[in-house]
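The structure under discussion appears below in the form of structure tokens.
The values are calculated or read from the model by the stated rules, or taken from the named source; none is laboratory data. The shown structure was predicted, so the numbers you read here are calculated from the model rather than taken from an experiment. FYI the Cβ positions are ideal-geometry reconstructions off the backbone, even for glycines, and counts take in every protein chain you see.
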């Protein structure tokens, strides 16, 4: 086996046709990352501006002038025989008496060609020319040698795919386990031992009385207003039995108030005050870093009656509805109507526990089942229904115990998640190492050493 230029097996073919306005044509597209050639669209000639187009033939090797550097090349499939492409693509006939199609396809899946592409200019989409393509080098042996390597390639690829599928399945199971932990947390199943060890703890019915007293005081002092609830949809299938010291309490009854961000369309500025929206909140993640700015004057207007502080909850109302995060830092910001604000009683409830409830399967089902269906707010998580959300409320000390337990378990799962991700990378490296070993025998000894290192890493995970 020796290295040869592609000019040994490819020849450039330029066959242009004049487009007829009355004829329907298949237009194809070369996907990046070596993902093949697909149909772009069917179009009548009258709608095609450039009247000279190239004709593709089944098994032509096609290279995109601008996208070659990002893997924009492949073979024309049978269903795109006689499809057309512009002059920004290069079509090459393949001499299959010298190279097997399956062998060529295997080479494309390695980095052998990709590493050689020398695009002119400095951008990722710099153009190449046909002469560049014909100078790319590949290892080429007899047809029998090629077939042997094909089989090795297919075997390695199939094994790698099985491993990657298994890792994907593990990720899925891990995600399901995370959801199960959250659900068991809000049903009191994670703290059975804690309750047995703390039988004298004040029950939630006493806690709710103290919250009610404090809230009535704030309303009487006109520091807050009483929120309007909205009857929630019947979701009987998500109800569950609570421990004796717990109770269900509407979110509004255990919060100072619940509101949303400004309904005014903000005028953004280059500098100024931070302005956030639903994109800044993911489950358990407050992400203020990627933000907009508004003027000081607008900021002051936007935060009236909705001052968000550390320990409050932000809830997605539009888009990723119901996704909730605790404001975990001291930061001043205004926010848009796409976010809801739950102003918590931090001396009576754990914000982190409330976030667990909101992000649990129970909370997700409630949010998706209680979207507004009419008016301008159709499809949004209505404030009235956030206020009416029945929270499984444990005693205050048990709330903190639940948060500690969930943090502990999630920390272990995050470590497993990271190990799976690392195994995925190792599997990809293993596949490339094996393929390089097959196609580049001159580097065999070095590659075998690398392969052994990678394989050990995969097996250790």
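Suppose we filter the range 201-244 for residues that are in a loop (DSSP other than H, G, I, E, B) and either without any contact (Cβ under 8 Å) to a residue 60 or more places away in the chain or within 22 Å of residue 305 (Cβ to Cβ) (or both); how many remain? So that I can check it myself, show each step before the final result.
Taking the range 201-244 first, the residues in a loop (DSSP other than H, G, I, E, B) are 201-203, 221-235, 239-244.
Within this subset, residues satisfying the condition of being either without any contact (Cβ under 8 Å) to a residue 60 or more places away in the chain or within 22 Å of residue 305 (Cβ to Cβ) (or both) are 221-230, 234, 239, 241, 244.
So the count comes out to 14.
Which residue pairs have Cβ atoms under 9 Å apart, sit 6 or more places apart or on different chains, and have a first residue in the range 141-163 that is over 21 Å from residue 427 (Cβ atoms) and a second that is surrounded by fewer than 13 Cβ atoms within 10 Å (Cβ to Cβ)?
141/2; 143/97
So if I check each of 2, 57, 43, which one is exposed (fewer than 13 other Cβ atoms within 10 Å of the Cβ) and either on the phi < 0 side of the Ramachandran plot or in contact (Cβ under 8 Å) with a residue 12 or more places away in the chain (or both)?
Numbers: 57 fails: exposed (fewer than 13 other Cβ atoms within 10 Å of the Cβ); 43 fails: exposed (fewer than 13 other Cβ atoms within 10 Å of the Cβ).
Unique residue meeting the criteria: 2.
To keep it simple, each residue is scored yes or no on (1) under 26 Å from residue 8 (Cβ atoms); (2) in a helix (DSSP H, G or I).
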residue: 139; (1), (2): yes, no
residue: 147; (1), (2): yes, yes
residue: 150; (1), (2): yes, yes
residue: 163; (1), (2): no, yes
residue: 181; (1), (2): no, yes
residue: 188; (1), (2): no, no
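Look through 69, 49 and report the one residue that is over 23 Å from residue 134 (Cβ atoms) and at pLDDT below 95. Talk me through it step by step, then tell me what you get.
Details: 69 fails: over 23 Å from residue 134 (Cβ atoms).
None of the others qualify; the one that does is 49.
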